[in-house]
Amino acid sequence: MSDQSTSIAFTVAIALVCGLLLTGAATGLKERKLRNVAVDRQKNILKSVGLFDPDRPAAVAQIEQLYQDSIRCDAVDGTGRIVAGDSGAEALPVCFYVKGNQPAAYILPVDSRGLWGRIRGYLAIEKDGKTVAGFSVYNHNETPGLGGEIEKPWFQKNFVGKRIVDETGAFAAVGIAKGKVTDAIAADRQANYVDGISGATLTGKFLTGGLKEVLLDYEPLSEQFRAGPVSLPAGG
Amino acid sequence: MKLTQSPTFRAFSEPLAKNNPVFIQSLGICSALAVTVQLNTAIVMALAMTFVTAFSSLTISAMRNVIPRNVRMIVELSVIASLVILADEVLRAFFYDISKQLSVFVGLIITNCIVMGRAETYALGNPPLRSFMDGLGNGAGYGLVLVTVAFIRELLGAGKLFGFSVVPQAFYDHGYLNMGFMQLAPAAFIIIGLLVWLQKSLMKG
């Protein structure tokens, strides 16, 4: 065999062995990885309503238990009617933080454009339909240290207590300021903004747009909560 | 011949201090800056790195007589990349939170010059066991630096070790403050610089 064909045969053999090894590993560990991802998502839902403290890690079983006890996920249709359980493609998914059979907060899944890819997380709104209960991110591709700071507690904590309505009660959404809120935003709008991340202006801009889109989609539901106590349908 | 004099042992012990890949060859600095804010991530990174250097050196050394010269780099990279992906998969399955914090840096072990450097300069010319020990030593030497830097940064920057507070509350009550600077990348540069100085002056004596 010539030198060239030896080289080609050798590389093909190596590629085959490496490929088989990695396929084996990926398939073998798939179940564990999927469970981790599911638990991580539950953890972020809990985090958005303040039930999970990122500084105090909890065991997997604890998280699953807490999630089962206090979160239920339903859907909401275009008019804001809550549909029990997981329903068709028309309805938007929504989760509720249930305290004593009453929703204490509702949790909206966020899927926003980011600088390098999608930013996925949860935005929780208090039962008054106006106040943000929390925000969390479970998946993003932003630059570590810059836009990537959106996954850090210091950034997410700033959302707690912010408003999605302005002073007159009209819809305003919640956004990320360019720089500090106190410097960049007029006094009467400060309740609608959180501090931005320096070096991540674009991430902030995209996320602001994404959050507004999500909040607009769920506005019919928010209006119901603003009008008075909402009861959840049975089942689900 | 004493154990400490054998070439196999020396292959392991020399990169720990005398020929440390970070201090002497200035390799792998990038990840040494990125993952040393906390001890947890530094230790996991050190283990992943040691695993990759040790087994890539072993594998490449075992194949050194049959690898065609003209494709040796491609073969080396295939082996290294496979091991790195394997390490990443295991981390994702068993240490999900830490693997999320390490984000891209586990994948970037592939481009860490220490791994490729050992494969090229050592594993291609030495028998498997000795190459394995050399890889182990280089990974451990890199890990040693990582853990030392992370220890200093986490202690001074956050007052914690392994995520547990070690600076007593009484200190904070009397006005002690965490050094926020330690959490930033430049602090790692300064610490590594000081460690290089320390290591050089110790080795001279």
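The values are calculated or read from the model by the stated rules, or taken from the named source; none is laboratory data. Please read all numbers here as calculations on a predicted model, not as lab measurements. Heads up, the Cβs are rebuilt from the backbone with ideal geometry, glycines too, and the neighbour counts pull from every protein chain shown. When the accessible area is computed, the model is the full protein with side chains, heavy atoms only, and any ligands, DNA or RNA have been set aside. Shrake-Rupley method; radii C 1.70, N 1.55, O 1.52, S 1.80 Å.
In segment A:1-29, which residues are surrounded by fewer than 10 Cβ atoms within 10 Å (Cβ to Cβ) and under 16 Å from B:Val84 (Cβ atoms)?
Residues satisfying the conditions do not exist here.
Go over the candidates B:Thr41, B:Thr36 one by one and state the one that is in a helix (DSSP H, G or I) and either within 14 Å of chain A (Cβ to nearest Cβ) or not small (Gly, Ala, Ser) (or both).
B:Thr41
All but one of (1) open to solvent by 70 Å² or more (accessible area, probe 1.4 Å); (2) more than 8 Å from chain B (Cβ to nearest Cβ); (3) not aromatic (Phe, Trp, Tyr) hold for A:Leu66; which doesn't?
The failed condition is (1).
Taking the options A:Leu232, A:Leu221, name whichever one is open to solvent by 10 Å² or more (accessible area, probe 1.4 Å) and either closer than 26 Å to A:Arg41 by Cβ or touching a residue at least 12 places away in the same chain (Cβ under 8 Å) (or both). Talk me through it step by step, then tell me what you get.
On the way: A:Leu221 fails: open to solvent by 10 Å² or more (accessible area, probe 1.4 Å).
From the options A:Leu232, A:Leu221, the qualifying one is A:Leu232.
Anything in segment B:69-84 that is among the β-branched types (Val, Ile, Thr) and either surrounded by 19 or more Cβ atoms within 10 Å (Cβ to Cβ) or more than 7 Å from chain A (Cβ to nearest Cβ) (or both)? List them, or say none. It would help to see each step written out before you state the result.
If we filter segment B:69-84 for residues that are among the β-branched types (Val, Ile, Thr), which is where we start, we get B:71, B:74-75, B:79-80, B:84.
If the condition is that a residue be among the β-branched types (Val, Ile, Thr) and either surrounded by 19 or more Cβ atoms within 10 Å (Cβ to Cβ) or more than 7 Å from chain A (Cβ to nearest Cβ) (or both), then B:Val75, B:Val79, B:Ile80, B:Val84 are the ones that fit.
Which pairs turn up if I take residues in segment B:89-102 that are at negative phi and in contact (Cβ under 8 Å) with a residue 60 or more places away in the chain and look for partners that are assigned to a helix (DSSP H, G or I) and among the aliphatic types (A, V, I, L, M) with beta carbon separation below 9 Å, at least 6 apart in sequence or on another chain?
These pairs meet every condition: B:Gln101/B:Val44; B:Leu102/B:Ala34; B:Leu102/B:Val44; B:Leu102/B:Met45; B:Leu102/B:Ala48; B:Leu102/B:Leu91.
Sort out which residues of segment A:154-178 are more than 13 Å from chain B (Cβ to nearest Cβ), open to solvent by 40 Å² or more (accessible area, probe 1.4 Å) and not charged (D, E, K, R), and write them in order of number. Before you say what the answer is, go through the steps one by one.
To start, the set of residues in segment A:154-178 that are more than 13 Å from chain B (Cβ to nearest Cβ) comprises A:155-178.
With open to solvent by 40 Å² or more (accessible area, probe 1.4 Å) added as a condition, the list becomes A:157-158, A:160-163, A:166-168, A:170-171, A:178.
Scanning segment A:154-178 gives A:Asn158, A:Val160, A:Gly161, A:Thr168, A:Ala170, A:Phe171.
Can you confirm whether segment B:56-68 contains a residue that is within 7 Å of another protein chain (Cβ to nearest Cβ) and either among the polar types (S, T, N, Q) or over 24 Å from B:Asp134 (Cα atoms) (or both)?
Scanning segment B:56-68, I find no residue that is within 7 Å of another protein chain (Cβ to nearest Cβ) and either among the polar types (S, T, N, Q) or over 24 Å from B:Asp134 (Cα atoms) (or both), so the answer is no.
Mind checking which helices (runs of 4 or more DSSP H) fall wholly inside segment A:148-235 and carry at least 3 residues that are of a type in the set (Gly, Ala, Ser)?
Result: A:201-217.
Given (1) open to solvent by 30 Å² or more (accessible area, probe 1.4 Å); (2) within 13 Å of another protein chain (Cβ to nearest Cβ); (3) of a type outside the set (S, T, N, Q); (4) in contact with a helix residue (DSSP H, G or I) (Cβ under 6 Å, 6 or more places away or on another chain), identify the lone condition not met by B:Val90.
All conditions pass for B:Val90, except number (4).
Among (1) within 18 Å of B:Thr111 (Cβ to Cβ); (2) modelled with pLDDT of 90 or more, which single condition is B:Ile43 missing?
The number of the failed condition is (1).
Residue check, A:Gly80 against (1) more than 14 Å from chain B (Cβ to nearest Cβ); (2) under 22 Å from A:Ala191 (Cβ atoms); (3) not acidic (Asp, Glu), all met but one. Which one?
So the condition that A:Gly80 fails would be (2).
Do we have A:Asp40 as surrounded by fewer than 20 Cβ atoms within 10 Å (Cβ to Cβ) and within 15 Å of A:Leu215 (Cβ to Cβ) here?
Details: surrounded by fewer than 20 Cβ atoms within 10 Å (Cβ to Cβ): yes; within 15 Å of A:Leu215 (Cβ to Cβ): no.
The answer is no for A:Asp40.
Kindly check whether there is at least one residue in segment B:169-187 that is among the acidic types (Asp, Glu) and surrounded by 13 or more Cβ atoms within 10 Å (Cβ to Cβ).
Filtering segment B:169-187 down to residues among the acidic types (Asp, Glu) leaves B:173.
Still in the running and surrounded by 13 or more Cβ atoms within 10 Å (Cβ to Cβ): none.
Within segment B:169-187, none of the residues are among the acidic types (Asp, Glu) and surrounded by 13 or more Cβ atoms within 10 Å (Cβ to Cβ).
Are any residues in segment A:185-201 of a type in the set (A, V, I, L, M, F, W, C) and surrounded by 14 or more Cβ atoms within 10 Å (Cβ to Cβ), and if so, which ones? Break it down stepwise before answering.
At the first step, the residues of segment A:185-201 found to be of a type in the set (A, V, I, L, M, F, W, C) are A:185-187, A:191, A:194, A:197, A:200.
Hits for segment A:185-201 are A:Ile185, A:Ala191, A:Val194, A:Ile197, A:Ala200.
For segment A:39-68, give me each residue that is under 14 Å from B:Phe95 (Cα atoms) and in a helix (DSSP H, G or I).
First, the residues of segment A:39-68 that are under 14 Å from B:Phe95 (Cα atoms): A:39-40, A:57-60.
Across segment A:39-68, the qualifying residues are A:Val39, A:Asp40, A:Val60.
Name the one entry in B:Gly141, B:Gly107 that is touching a residue at least 12 places away in the same chain (Cβ under 8 Å) and either surrounded by 18 or more Cβ atoms within 10 Å (Cβ to Cβ) or in contact with a Ser or Thr (Cβ under 9 Å, 6 or more places away or on another chain) (or both).
On the way: B:Gly107 fails: either surrounded by 18 or more Cβ atoms within 10 Å (Cβ to Cβ) or in contact with a Ser or Thr (Cβ under 9 Å, 6 or more places away or on another chain) (or both).
Sole residue among the options that is touching a residue at least 12 places away in the same chain (Cβ under 8 Å) and either surrounded by 18 or more Cβ atoms within 10 Å (Cβ to Cβ) or in contact with a Ser or Thr (Cβ under 9 Å, 6 or more places away or on another chain) (or both): B:Gly141.
What are the residues in segment A:122-144 that are in a strand (DSSP E or B) and within 15 Å of A:Ala105 (Cβ to Cβ), if any? Talk me through it step by step, then tell me what you get.
So the first thing to find is which residues in segment A:122-144 are in a strand (DSSP E or B), and the list is A:122-126, A:131-139.
Within segment A:122-144, A:Tyr122, A:Leu123, A:Ala124, A:Ile125, A:Glu126, A:Thr131, A:Val132, A:Ala133, A:Gly134, A:Phe135, A:Ser136 qualify.
Out of curiosity, is A:Val17 outside any strand (DSSP E or B) and within 30 Å of B:Gly163 (Cα to Cα)?
Numbers: outside any strand (DSSP E or B): yes; within 30 Å of B:Gly163 (Cα to Cα): no.
Judged against the criteria, A:Val17 is not a match.
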